[in-house]
Amino acid sequence: MFETILGGLFGGIFRVIPEVMKFLDAKNERKHELDMQDKAYKFEELKGSQKIDEITAHGQQEWNAAAIDALKTAIQGQDTSSGVKWIDGFSKLMRPLITFQWVIVLYPVVILAAFCLAVQSGADPLKALLDCFGPAEKALVASILNFWFLGRVFDRVK
């Protein structure tokens, strides 16, 4: 009788072992399948992100081309004369007058006022001058000088 019980017990164990192995194998297979689905999802997400970036870059490129065309049209419109001498003369004076107003009159007054306020507040004059004439002001002066002097060089080349 002990052998029967022992035989039944070993038979049951040997019968259960393959089922446990199948269960563990199926569990690993499901985990692998989930990992593959996750990688596929991330890949599709990356492809979508790249497509959006591509569309955005293409749209920016088209916008830049349209902006350059608009600038060309505006410049060509400024070069055409109206046929009335005083209007054409006034039109040609606008850029120099605006430059004079902003560069020679208004902006230096603002810088001078800021310098005077800083010195009156007790700041060192050299530091106050450096603070008042910083990178933004240097860029403004450089762009104006480029416009007036390099623009003439390009006009002569044409």
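The values are calculated or read from the model by the stated rules, or taken from the named source; none is laboratory data. From a predicted model like this one, the values you see are computed outputs, not experimental measurements. With ideal geometry, Cβ positions are generated from the backbone for all residues, glycine too; neighbour counts draw on all protein chains shown.
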task: Give the residue that is modelled with the lowest pLDDT, with candidates limited to residues of the stretch 74-87 that are exposed (fewer than 10 other Cβ atoms within 10 Å of the Cβ) and β-branched (Val, Ile, Thr).
output: 75
Restricting the stretch 88-137 to residues that are of a type in the set (Val, Ile, Thr) and more than 33 Å from the chain's Cα centre (by Cα), the residue that is surrounded by the most Cβ atoms within 10 Å (Cβ to Cβ): 119
